[in-house]
Amino acid sequence: MLARKMRHLRSTILWIVVAALGATAFAVLAQSRGESINAAWILVAGVASYVVAYRFYSRYLALRVFALDDRRATPAERLNNGRDFVPTNKWVLYGHHFAAIAGAGPLIGPMLAAQFGFLPGTLWLIAGVVVGGAVQDFTILFASMRRDGKSLGQMAKEEVNSVAGMAAMVAILAIMIILLAVLALVVVNALRASPWGLFIIASTIPIAMLMGVWMRSFRPGHVLEASAIGIALLLAALVAGQWIARDPTWGGWFTWSGTKLSWGIIVYGFLAAALPVWLLLSPRGYLSTFLKIGTIVTLALAILLVLPQTRLPALTQFVDGTGPVFAGKVFPFAFITIACGAISGFHALVASGTTPKMVTRESEARLIGYGGMLMESFVGLMAIIAAATLEPGVYFAMNVPAATLGPTAETAARAIAQWGYTLHPGQMEALARQMGEATLLSRTGGAPSLAVGMASILGGVVRGSGLALWYHFAIMFEALFILTTVDAGTRVGRFMLQELVGHVWEPFGRTSWYPSVLISSAVIVAGWGYFLYQGVVDPLGGINSLWPLFGIANQLLAAVALCVGTTILIKMGKWRAAWVTTVPLVWLVLVTLTAGCEKVFASDPRLGFLAHARSVVPGSANAARLVFNDRLDATLALAFMAVVVVVILASAREWWLVLSRRKAPAVHEAPFVESAFATGD
Amino acid sequence: MNRRDGMRAKGEGRPSSAGRTRRVLGVLLGAVRQIVGAPDYQRYLAHHVARHPERSPLSPRDYYAEFLSWQFGSGGPTRCC
């Protein structure tokens with residue numbers, strides 16, 4: 001009895017200490033008015049919040065709200081088929097789920113949002129994930145697990161109604177297209193006029209094909225072996241790229257313009273979707289997963305070793321909406337720019353994908369669902385730190401489009417001085433030389449500035465050595481897994497389109513019917529290809545128009561997921577606890593609808609699509625196309641907002657029907673079967 | 001031979017450190033394979049022998065081909081951005 005009390009006392013003291021540490025870190029962050037602080041404080045604030053939230057909030061969700069029951073057999077146990085329904089060790093499944101949800105999002109979003117200073121991004125990453133993102137992932141994972149792995153769309157249809165289900169399917173397809181376009185844009189901007197970078201990425205194609213042949217014919221299924229070879233070759237290409245870039249002939253061949261690169265990626269995307277999966281898609285997937293996890297771990301270790309000082313202020317003047325990187329005030333745009341890492345609707349697709357079929361015991365869903373998202377938020381914090389270690393002058397010189405900065409280092413320095421930040425013209429040239437690039441000016445899209453930040457941190461481990469190699473390593477890692485997302489996403493998108501159209505015209509839905517395959521692949525590629533091209537030639541910089549559209553679409557899907565979650569909770573009789581999903585839902589709806597309205601109706605031509613269309617001088621170059629694109633983007637934003645409203649109304653109707661007892665709450669869970677695991681050990 | 005309880009005679013199956021390392025490595029690599037979503041032929045064999053002893057199992061090559069067609073059958077593994 002005494003021993004238990006002592007343990008309880010020790011545990012309470014420990015948690016008070018952790019909470020105090022976190023509070024101190026937040027205080028330091030809040031009071032750093034323009035002074036440089038150590039990035040460690042950002043990490044401490046984040047990690048302390050994560051562990052406290054995990055220990056208390058996720059426990060409350062697991063025990064009181066979802067009432068996870070280890071005596072209940074999970075679908076992995078009941079339907080074990082050695083294939084997709086496989087009981088998996090919780091740490092292995094945690095890694096698998098994290099590898100599936102982590103991508104470019106938590107890195108690019110925070111880097112772009114650093115325009116407002118590092119504080120808004122940090123606060124949103126921490127508060128958003130604890131109250132919103134991790135809750136969404138956990139809820140959907142739990143719901144899908146109880147329904148033998150049903151997808152989000154299926155759950156929306158069954159638990160809410162078919163309107164919500166159809167809206168979810170349309171929203172998912174639309175998000176896919178915008179997501180692929182915007183990620184492809186990030187890659188184009190990173191590889192533009194960069195022969196070293198393009199060489200490495202171009203070589204990933206034959207390397208992947210070699211791996212594919214190895215794994216299929218030479219040594220069937222030996223993924224680890226083939227991946228080791230692939231990574232070794234990739235690193236060789238990384239080093240070789242330096243010489244390629246320096247050689248006048250070869251360097252010239254690999255120096256591509258933005259438009260040429262877009263066409264290259266479009267053609268690549270279509271071919272990759274058409275070629276057999278064993279040749280390109282599957283090996284690229286393995287390569288990028290290994291590289292992704294390896295790089296994240298390396299960066300985390302480097303940050304912990306170097307503990308860099310911040311150079312970016314906590315808040316910049318651009319919270320007022322005059323931001324040069326993208327237009328919009330800190331509310332709502334900081335919360336739209338950072339989706340992955342705080343709350344991302346796309347994760348609901350992953351949480352209702354393969355993961356729920358692999359959970360061994362219900363209680364493990366807490367670690368995998370809630371904990372997995374916390375880890376991604378941590379990755380987002382690392383991106384904030386990478387951004388914060390850049391000097392403000394450098395950050396803006398890299399991320400602001402040339403239309404604002406002007407073509408030369410001098411014009412850029414003048415523009416930046418006007419905003420109150422110092423940048424010597426020679427500084428950017430010296431930095432470019434250090435990073436092995438011709439120029440770093442207006443390398444928008446977030447990836448190059450992330451690479452510079454990462455290179456200085458990684459290079460700082462051994463006293464600033466090999467910066468150019470680290471820079472291109474960072475570019476390679478980003479570009480590789482973005483391109484893998486693009487080609488795999490095109491394939492997934494074409495299946496979705498075939499299924500959707502198959503409802504109306506059955507033959508189109510036959511996934512191996514070649515005409516249907518070709519047409520749907522072409523439609524998907526044309527979809528994102530169009531937005532990619534638009535973004536590349538956009539005078540305001542494609543990020544300004546596309547990234548907010550992507551953010552709005554992503555948060556919209558999160559709102560759909562939270563609606564489904566709320567509906568399920570209410571039907572389970574847990575309506576008193578439904579605030580756990582409705583609070584983030586209300587916030588998201590507020591943010592997405594405000595952002596959507598501002599993007600469509602704001603009178604600032606940099607911010608509002610329609611205002612920009614009105615500001616185009618009729619008869620000037622590309623006038624018709626610019627106006628058309630603006631109207632298209634505005635229509636898309638309005639369509640997204642309409643879908644949010646429709647889903648909320650459809651869900652609210654269900655809630656009212658159930659709560660007022662006009663409709664019996666029918667929960668479509670799989671039957672309760674006693675678990676052998678619970679009694680076994 | 002004098003032996004105290006708990007001590008084993010020479011050559012009586014004390015796990016060698018090389019064997020232990022190999023086992024640990026095997027477990028680790030198996031975990032890595034599951035994390036990245038690689039096919040596990042040994043696990044397939046074990047499952048097949050247990051569930052369908054009357055049918056002969058697929059060769060590694062056929063198993064890998066079938067694994068891919070299953071994994072990418074309805075599009076592919078859902079991965080976020």
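Some observations on this one:
- Complete set of residues in the range B:66-81 that are within 7 Å of chain A (Cβ to nearest Cβ) and at pLDDT 90 or above: B:LEU68
- Output for the range A:500-516, where each listed residue is touching a Ser or Thr at 6+ places or on another chain (Cβ under 8 Å), in a helix (DSSP H, G or I) and touching a residue at least 12 places away in the same chain (Cβ under 8 Å): A:VAL501, A:PHE508
- Residue check for A:TRP278: in contact (Cβ under 8 Å) with a residue 12 or more places away in the chain, of a type in the set (Phe, Trp, Tyr), within 14 Å of chain B (Cβ to nearest Cβ) and outside any helix (DSSP H, G or I): yes
- Tally, over the range A:461-479, of residues that are away from chain B (no Cβ under 13 Å) and in contact (Cβ under 8 Å) with a residue 60 or more places away in the chain: 10
- Every residue from the range B:36-64 that is facing chain A (nearest Cβ under 7 Å), in a helix (DSSP H, G or I) and among the small types (Gly, Ala, Ser): none
- Yes/no for A:GLY445 being part of a helix (DSSP H, G or I) and either out of contact with any Asp or Glu (no Cβ under 9 Å at 6 or more places or on another chain) or at positive phi (or both): no
- Checking each residue of the range A:437-452 against the condition of being farther than 24 Å from A:VAL350 by Cα, acidic (Asp, Glu) and surrounded by 19 or more Cβ atoms within 10 Å (Cβ to Cβ) gives at least one match.
- Condition met for A:LEU2 (aliphatic (A, V, I, L, M) and under 31 Å from the mean Cα position of the chain (by Cα)): no
- Test result for A:THR594, hydroxyl-bearing (Ser, Thr, Tyr) and free of Cβ contacts under 8 Å to residues at least 24 places away in the same chain: no
- Among the residues making up the range B:32-44, those that are of a type outside the set (Asp, Glu) and within 9 Å of the chain's Cα centre (by Cα) are B:TYR41, B:GLN42, B:ARG43, B:TYR44.
- All positions within the range A:497-516 that are surrounded by fewer than 20 Cβ atoms within 10 Å (Cβ to Cβ) and either within 12 Å of another protein chain (Cβ to nearest Cβ) or of a type in the set (Asp, Glu) (or both): A:GLU499, A:GLU506, A:GLY509, A:THR511, A:SER512
- Condition met for A:ILE207 (in contact (Cβ under 8 Å) with a residue 12 or more places away in the chain and touching a helix residue (DSSP H, G or I) at 6+ places or on another chain (Cβ under 6 Å)): yes
- Residue in the range A:112-129 that is farther than 30 Å from A:VAL400 by Cβ and surrounded by fewer than 21 Cβ atoms within 10 Å (Cβ to Cβ) present: no
- Applying the condition of being in a helix (DSSP H, G or I) and of a type in the set (D, E, K, R) to the range A:563-601 and asking which residue is surrounded by the fewest Cβ atoms within 10 Å (Cβ to Cβ) yields A:ARG576.
- Exactly one residue out of A:LEU280, A:LEU271 is over 27 Å from A:LEU467 (Cβ atoms), at pLDDT below 95 and surrounded by 17 or more Cβ atoms within 10 Å (Cβ to Cβ), and it is A:LEU280.
- Verdict on A:ILE384 being assigned to a helix (DSSP H, G or I) and without any contact (Cβ under 8 Å) to a residue 40 or more places away in the chain: no
- The residue that is nearest to A:ARG192 (Cα to Cα), among those in the range A:360-407 that are out of contact with any Pro (no Cβ under 8 Å at 6 or more places or on another chain) and β-branched (Val, Ile, Thr), is A:VAL394.
- Filtering the range A:607-636 to residues that are of a type in the set (D, E, K, R) and either within 19 Å of A:LEU557 (Cα to Cα) or buried (at least 20 other Cβ atoms within 10 Å of the Cβ) (or both) leaves A:ASP630, A:ASP633.
- Conditions (1) under 17 Å from A:PHE118 (Cβ atoms); (2) basic (Lys, Arg); (3) within 13 Å of another protein chain (Cβ to nearest Cβ): number failed by A:ARG311: (3)
- Taken as a whole, the condition of being surrounded by 17 or more Cβ atoms within 10 Å (Cβ to Cβ), closer than 16 Å to A:ALA174 by Cβ, away from chain B (no Cβ under 14 Å) and among the polar types (S, T, N, Q) applies to A:SER545.
- Leading residue by the ranking (surrounded by the fewest Cβ atoms within 10 Å (Cβ to Cβ)) among those in the range A:283-316 that are closer than 29 Å to A:GLY535 by Cα, polar (S, T, N, Q) and under 23 Å from the mean Cα position of the chain (by Cα): A:THR295
- Test: A:LEU305 is more than 24 Å from A:THR74 (Cβ to Cβ), at pLDDT below 95, part of a helix (DSSP H, G or I) and in contact with a helix residue (DSSP H, G or I) (Cβ under 7 Å, 6 or more places away or on another chain): yes
- For the range A:32-50, taking the residues that are within 21 Å of A:ILE303 (Cβ to Cβ) and surrounded by fewer than 16 Cβ atoms within 10 Å (Cβ to Cβ), the one that is modelled with the lowest pLDDT is identified as A:GLU35.
- Qualifying residue in the range A:652-660 (condition: outside any helix (DSSP H, G or I), over 19 Å from A:ALA174 (Cβ atoms), free of Cβ contacts under 8 Å to residues at least 24 places away in the same chain and touching a helix residue (DSSP H, G or I) at 6+ places or on another chain (Cβ under 9 Å)): no
- Filtering the range A:102-148 to residues that are within 13 Å of another protein chain (Cβ to nearest Cβ), within 14 Å of A:VAL379 (Cα to Cα) and not small (Gly, Ala, Ser) leaves A:PRO106, A:LEU107, A:ILE108.
The values are calculated or read from the model by the stated rules, or taken from the named source; none is laboratory data. Source: prediction; values computed, not measured. Heads up, the Cβs are rebuilt from the backbone with ideal geometry, glycines too, and the neighbour counts pull from every protein chain shown.
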